[in-house]
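See structure below.
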Amino acid sequence: MKGVGLLGGALLMVGVALAGQDARLTAVRHLNLRYALPRYPTASAWQQRAHRLRLQVQIACGLFPPLPKPPLNPRRIVCDEDDEVVVERVVLETFPRFYLTGNLYRPKKGTPPYPAVLHPHGHVPQAEGRLYERERVRAMAMAKLGFVVFAYDMLGYGDQFQVVHRASETPHEHLWAISKGGVQAWNSVRALDFLLSLPEVDKKRIGCCGSSGGGTQTFLLAAVDDRLAVAVPTKMVSAHMQGGCICENPPLLRVDTCNPEIVALFAPKPLLLISDDGDWTKETPHYEFPFVQSIYRLLGAPDRCANAHFSEGHEFAQASREAYYAWAIRWLKNDGKPLSEPVKEPPIQLSDARRFRVWGDDLPKPHDAITWDALVAWLKEQANAAVERMRPNDKKALRQFQRLMGPALQMTLAIFMPTDQQLRVQQGERKERNGVTFQQLWLGRNGIGDCVPAVKLERNGAAAKEAVLLVSDKGAAMEAWNGNGAAAKLAMELADRFEVLAIDAFRTGTAAGERKTDVQFFTTYNRTDDAERVQDIVTAATYLRQRFKRVHLIGMGTAGLWVLLAAAVTDGDGKVVVDAAQFDATDDDAFVRRLFVPCLRRIGDVRTALALIPPRPLLVHNAHAHFPREWADAAYRAAQATGRLQWHDSPLPTEKIAAWLLAR
């Protein structure tokens, strides 16, 4: 994307919106966009990317920070048996009173421990779920071939009765990283726990294979759980269709990425991509697969990645099933050695599917099973408790917290840390007032198309040694240029000592404009407005740090919250001024209205941010009674820097803010 030019040479900052200049207003990512696939020059470059991307997937699926795993309390009843295979009805309690239903297929021949596979299904007829004919065929076939198989239901499919699968999700749920896709990923992890608990299963030889939506479940499990040994996502992985169901689109999951890159996280373990001419995987042999294979080559394992392509349509038919069988046998039974002959599907005689149904007189549906809403409430309580347990109270705990949660907050905000070379700076009009030079700037990053209006203030004849970045929810650049408003007053009070850069963060001040958001699953693929505003602060701070070792941050109004988050994910020892704007940090409604970033509450919200800033000097004012001072107090005590924290419940006038900044 080309750099954005100025309209008519220079734009006067007199309230004129820059709508149309900032590409983020109109460039919207979505599930059916064709994505260019990145190139990684070295294994090290990929491994750095993979570390960040895996964390992103874990956060998006609600798996980070990890929650305690309650007992599975498995209930198993044999329901079918022949000379080769025993089949059981199985119920697992993946959360308290929340049930995963499935069938366990156990081979009767051979010598344990057996290799094992998980079989998630896709969007088959909802009442059938795992009992859809092709799903039963492949499960029985794999058991006859010597594998323990656990086939399990998606949410709201088959015998899983507690969730309406395609029911809409709410921003309040997304704040806590709660989604259908996330719960399904958790169920897959717990299904893997179940297989690992079986004494007849070889714990180092477990794979997963699913088709279509089951393919999504397969590669998400492969991305988040390193216990899996083999993955076969089938007729799903594409760079131009990411999955059309709500269960495939947790918020944050595909911000700055797409399915082929997520799939590549499994490298260098054995991965087979099954694709087809008749669906969205038709280009896999010459587009998606070469990208994934390039990652395997970088890691020295090109033979562990393969593509099997068919012309069966979007159906897990016999030929593609046989490709799966062969891959699983090679890597889970034959130590990776190529097979001497093709694997044929064994003859299958299916019993009446009703015999495989989990619930019955001998295993009735639990009367105390919880609803989706009750599960959401329980997950919020558990996530909040997990965050509170992490509150650092000594120096060692603080270091550990910052090392763990700093990257997590950065990934949740989807912050892009630009290098000096990636910054793009354009100058506009220049003027003087009261001995201060005002210079219009537009800041951005090459290849992004962002355009952040800014005004730089320099006292004539003075050479500042430090800089201040000033942000206001009303548009600090607009106010500074026009000479009115609280931001303009504070900027002038500071200009004697500092170079001041006032910016209009995304969709504020002269950057105001309508944003295109009318796509499905917007937050799965795009940053929210508040996340973009934090990014603008990071971008502007990077610009200032090109010339100043010490950069101070000030947020006025709701922008204080954006500055708090930006300070938490950037390095430096400059002072930070946070107008807490009477924000109630215990109220989900407040987050949705004033600081909406999906998954933010799941990773600790402003509590985490307050604990990441020490030992930098921090001034918080205009603080609500429920703004978490106890977190700031604990973190600054742990950092042995209590003198660097100031806290005021009332808003401070600009004179006092300036005095605090000017104090040595």
Checklist outcome for this item: Long-range amide H partners of residue 436, meaning residues 5 or more apart or on another chain whose placed amide H is closer than 5 Å, are 460
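Once the convex hull of the alpha carbons of the chain is built, what does its volume come to per residue, in cubic angstrom?
Values: hull volume 100.8 nm³, N = 664.
In the chain, the Cα convex hull volume per residue is 152 Å³.
Highest mean first, how do 352-359, 534-541 rank when packing is the count of other Cβ atoms within 10 Å averaged over residues? Don't skip to the answer; put the middle values down first.
Details: 352-359: 15.1, 534-541: 26.6.
Highest-to-lowest ranking by the protection proxy: 534-541, 352-359.
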Item to check | Packing-based ranking, highest mean first, of 652-658, 573-579, 212-218 given that Cβ atoms within 10 Å are counted | outcome: 212-218, 573-579, 652-658
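Could you work out the helix-only [θ] at 222 nm for the chain, with each DSSP H run of four or more residues adding -39,500 (n - 2.57) and the total divided by the number of residues, to the nearest 500 deg cm²/dmol? Provide the component values of the computation, followed by the final result.
Working: 19 runs with 215 residues, N = 664.
After summing the helix terms and dividing by the residues of the chain, the value is -10000 deg cm²/dmol.
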Checklist entry - Using the Karplus equation 6.51 cos²θ - 1.76 cosθ + 1.60 (θ = phi - 60°), what ³J(HN,Hα) coupling, rounded to whole Hz, does each residue of the range 427-440 give in order, writing x for Gly and Pro? => result 9, x, 6, 10, 8, 10, 7, 6, x, 10, 8, 10, 10, 6
Checklist entry - Under a 5 Å amide H to amide H cut-off, with H placed in plane at 1.01 Å, what residues pair with residue 305 once short-range neighbours are removed? => result 271
Item to check | Note, ³J(HN,Hα) from phi for the range 203-215, Karplus 6.51, -1.76, 1.60, rounded to Hz, x at Gly and Pro | outcome: 5, 9, 10, 10, x, 8, 8, x, 10, 6, x, x, x
Next on the checklist: Using amide H atoms built in the peptide plane, which far-off residues or other-chain residues are under 5 Å from residue 450 H to H?
Outcome noted: 23, 445
Item to check | Mean-position separation - Cα centroids, the range 209-269 and the range 352-421, in angstrom | outcome: 19
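Could you line up 142, 241, 417 from fewest to most neighbouring Cβ atoms inside 10 Å?
Working: 142 29, 241 17, 417 13.
Fewest to most other Cβ atoms nearby, the residues stand as 417, 241, 142.
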Checklist entry - Normalised by the residues of the chain, what does the relative contact order come to in percent, with Cα pairs under 8 Å and at least six apart? => result 16
Item to check | On Cα atoms only, tilt of 180-197 relative to the major axis of the chain in degrees | outcome: 50
Checklist entry - If the cut-off is a Cα-Cα distance under 24 Å, which lysines reach residue 474, setting aside same-chain residues fewer than 8 apart in sequence? => result 431, 456, 489, 516, 575, 656
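Bear in mind these aren't lab numbers, they're just calculated from the coordinates by the rules spelled out. Note that the structure is predicted; figures quoted are calculated from it, not measured. Counting neighbours? That spans all protein chains shown, and the Cβs are built from the backbone with ideal geometry, glycine included.
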